[in-house]
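Trainee: One structure is given below, represented as structure tokens, and several questions about it will come after.
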Amino acid sequence: MIERIYGDTEPAHIVVAHKAMEAHKAKYGEGNKFHPRIYSVAYRGRFYQIEVVTRRQTIAATVITGVRTLTKVLEVA
């Protein structure tokens, strides 16, 4: 599967996105398609929120760096 990382503005974002994708693969494999999961990853004293989605041919990780839209907030709650 192709791995995509969105929203990375710092090198630390790439590291934590890979950690979140590895945790997602360990838990779900290639299953759980089209259901976003949010992972909290600690790296160098900071916590980062990463949203991981498994699609047909890709695993996409989005680093949450700012304010979320209400549609995304309501899906998680």
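The values are calculated or read from the model by the stated rules, or taken from the named source; none is laboratory data. Everything numeric in this text was worked out from a predicted model, so none of it was measured. Reconstructed Cβ throughout: ideal geometry from the backbone, glycine too, with neighbour counts over all protein chains shown.
Trainee: Any chance region 35-43 includes a residue that's at positive phi and either out of contact with any Phe, Trp or Tyr (no Cβ under 8 Å at 6 or more places or on another chain) or among the polar types (S, T, N, Q) (or both)? Walk me through it before giving the result.
Mentor: First pass over region 35-43, keeping only residues at positive phi: none.
No, because not a single residue in region 35-43 is at positive phi and either out of contact with any Phe, Trp or Tyr (no Cβ under 8 Å at 6 or more places or on another chain) or among the polar types (S, T, N, Q) (or both).
Trainee: Also, I was wondering about something else. Give the number of residues within region 1-42 that are part of a strand (DSSP E or B), in contact with a Lys or Arg (Cβ under 8 Å, 6 or more places away or on another chain) and either farther than 22 Å from Val67 by Cβ or touching a residue at least 60 places away in the same chain (Cβ under 8 Å) (or both).
Mentor: Residues flagged as part of a strand (DSSP E or B), in contact with a Lys or Arg (Cβ under 8 Å, 6 or more places away or on another chain) and either farther than 22 Å from Val67 by Cβ or touching a residue at least 60 places away in the same chain (Cβ under 8 Å) (or both) within region 1-42 amount to 1.
Trainee: Residues of region 43-77 being surrounded by 10 or more Cβ atoms within 10 Å (Cβ to Cβ), β-branched (Val, Ile, Thr) and either assigned to a loop (DSSP other than H, G, I, E, B) or modelled with pLDDT of 70 or more (or both), which ones? Give the steps one after another, and end with the answer.
Mentor: Going through region 43-77, the residues surrounded by 10 or more Cβ atoms within 10 Å (Cβ to Cβ) turn out to be 43, 48-55, 58-65, 68, 72-73, 75-76.
With β-branched (Val, Ile, Thr) added as a condition, the list becomes 50, 52-54, 58-59, 62-65, 73, 76.
Correct list: Ile50, Val52, Val53, Thr54, Thr58, Ile59, Thr62, Val63, Ile64, Thr65.
Trainee: Can you tell me which residue in region 23-41 is farthest from Ala60 (Cα to Cα), limited to those that are charged (D, E, K, R) and either over 10 Å from the mean Cα position of the chain (by Cα) or surrounded by fewer than 11 Cβ atoms within 10 Å (Cβ to Cβ) (or both)?
Mentor: Applying the first criterion (charged (D, E, K, R)) to region 23-41 yields 25, 27, 30, 33, 37.
Narrowing the set further to residues that are either over 10 Å from the mean Cα position of the chain (by Cα) or surrounded by fewer than 11 Cβ atoms within 10 Å (Cβ to Cβ) (or both) leaves 25, 27, 30, 33.
Details: Lys25: 12, Lys27: 15, Glu30: 12, Lys33: 11 Å.
Restricting to residues being charged (D, E, K, R) and either over 10 Å from the mean Cα position of the chain (by Cα) or surrounded by fewer than 11 Cβ atoms within 10 Å (Cβ to Cβ) (or both), the top hit is Lys27.
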